[in-house]
Amino acid sequence: MAIENSKLTKFTSLLKELFQLNQPELDFGIYRIMHARKDDINRFIEQDLPKVVNTAFNGFASQDKVVVQQELVKAKKAAEDAGFDASQSPKVQELEAQLSQSVDTGREEGEVYDALLTFFSRYYDEGDFISRRVYKEGTYAIPYSGEEVTLHWANKDQYYIKSSESLRDFCFRLKSDQSDNPMRVHFRVIDAEAGAQNNNKEADDAKRVFILDQNNPWEVKDNELNIYFYYRASTQDDWTDEVLANATAAAKKKPPTLDHLKQIAEQNLLDLNGGVPAEWRQLLDVKYKKTDGELADYSVLMSQLNLYTKKNTFDYFIHKNLSEFLTRELDFYIKNELFRWEDISNMKSNPARLAPLLSKIEVIRTIGEKIIAFLAQLEDFQKKLWLKKKFVTETNYCITLDRLTEQSDLLEEIIAHNAQRQQWRDLVDLDLKQLDQDVKTGEWLTQVMC
C-alpha cells in the first residue's frame, strides 16, 4: 500500500501541475478561470479519483494477495502447533491454490496511477501538450491516414502564442483601498535585447530574462516606486554572493536562472542597505495572500515578480482540439503499451489474471478520459478567447492627395490642417508659403491631378 500511495502522490502532484493549481499567485487570464474551478478540480483529484480506482477492484477484494498470504501464514502456524506437517494440511493447500490465483489489488491500483502518470507526463511539457506517440524505445510514431505525402511536426495542430513580444510596464498598488495614496509600484524595462524571430522559441542557453539594474535599481518619483529591469540573456556576472552561496553545484557553473534573478532582485530591494524607503520596503516584505485566502511563504514583492515575469515570458501553445488529440493518443498508448498480446498469451494457464488486467485497463481509460475532459474544457475556453474577434478601437488610413481630386472641400480642409502642414514640412521639407500661394491661384489642384 505504501507503493500505491507513493504513486498516487506523484500522480496527484502532476495533476495539480496540469491544472496550474500550484501557482495561486497567478490571477490573470485562464489562471483566473482555473482558480474559480479549483474546488471542483481538487474534489476530483483527492476524492473522485481514488474512489473510481477502489470501486473498480472491489470485485477482486476476496482474491487480494496480501490477505491470502496472511491467512496462509496463520494456517501453517496452526498446523505446526498441532504437530502436523503443514504441507499436508487441507487448509494450507487450499490457501496456496488460492494464492496462485489471487490478485494484489494494492499493486494493481499502483499500476493504474503509474500508467496514467507515464501517459500525461509524456505529452505534457511546461503547460503545453506535444505529440509524443512512442512506438518503442527511441522511436516515435505519427498519425497517418494513407496519404501519398504527409507533413508532421510536434505542434502541428496548435496555435503558438508568443507573449514575450509584448513587454509592458507593470504596475500594482500596495494600498489598493486608499485612493489618495495607493503607493503604486512600477516595474519598468529600460532596455531589451532582440529575441528569436519568426515565431521560433528561444534556445534554452539564450533565453532572455528580467535582470534588476544594479546601478540604478529603483527610484521614487511622483510618489510612485519605479523598479528598473533589463531584459536580456543572463551571464555569470549577474550572480550575487548571497544567492550564489545557496545555489547547487550544477547551477553555479551556469548563468543564473530566472528564479535566481528574482531572488537577487528581492534581496537587493528588501535589504536594509538597499536604500528603499522603509514604508515601501515594509509593505513589499509582507507575506502575500493567495487567491484562496491563505498566506504564502513568500513576500508581496516576490508574488508580483512571479506574475510580471510569467505574463511576459510565458510563450505557450493552444491546441485546436485537445480532447480528440489526447483521446486518440490514450487509445494508442493503451493498445501499444498496456494491452500487449504477450501478456494475454501468458495468462492462458491462469485465466483468473485476465479479469483484473481488463479492469485495470478500463480504469486507466475511464480516469484518463475524465482528466482529458477537464483539460479540454480549459483548453477550449482559451481557444475561444484567442479566436474571438478583436474590437477595433482605432483606425488610421494613409492615402495620397490624387485620390481626393473630386473632393475639393476635403482637400482644402486637409491643406489647411496645421498638424498636416507641419508634418509635410518636417518630412519632405515642403515650402508652406509656396503651397498657400498655389492654393490661392488653384495651381495646387492641377499639380495634384497630374
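The values are calculated or read from the model by the stated rules, or taken from the named source; none is laboratory data. Since the model is a prediction, treat every value here as computed from it, not as a measurement. Using ideal geometry, Cβ is built from the backbone for each residue, glycine included, and neighbour counts are taken over all protein chains shown.
Worth pointing out:
- When the strands (runs of 3 or more DSSP E) confined to the stretch 63-179 are screened for residues that are over 26 Å from residue 358 (Cβ atoms), at pLDDT 75 or above and not polar (S, T, N, Q), those reaching at least 1 such residues are found at 158-161, 170-173.
- Listed by position, the helices (runs of 4 or more DSSP H) inside the stretch 221-301 whose residues that are crowded, with 18+ Cβ neighbours inside 10 Å and in contact (Cβ under 8 Å) with a residue 24 or more places away in the chain number at least 1 are 241-246, 258-270, 278-284.
- Residue 209 at pLDDT below 90 and not in a helix (DSSP H, G or I): yes
- Figure legend. Inter-residue proximity from the stretch 186-197: first residues assigned to a loop (DSSP other than H, G, I, E, B), second residues surrounded by 11 or more Cβ atoms within 10 Å (Cβ to Cβ) and at pLDDT below 65, beta-carbon distance below 6 Å, spacing 6+ or different chains. Indicated pairs: 195/202; 196/202.
- Among the residues making up the stretch 108-147, those that are under 26 Å from residue 320 (Cβ atoms), surrounded by 16 or more Cβ atoms within 10 Å (Cβ to Cβ) and aromatic (Phe, Trp, Tyr) are 119, 120, 123, 124, 129.
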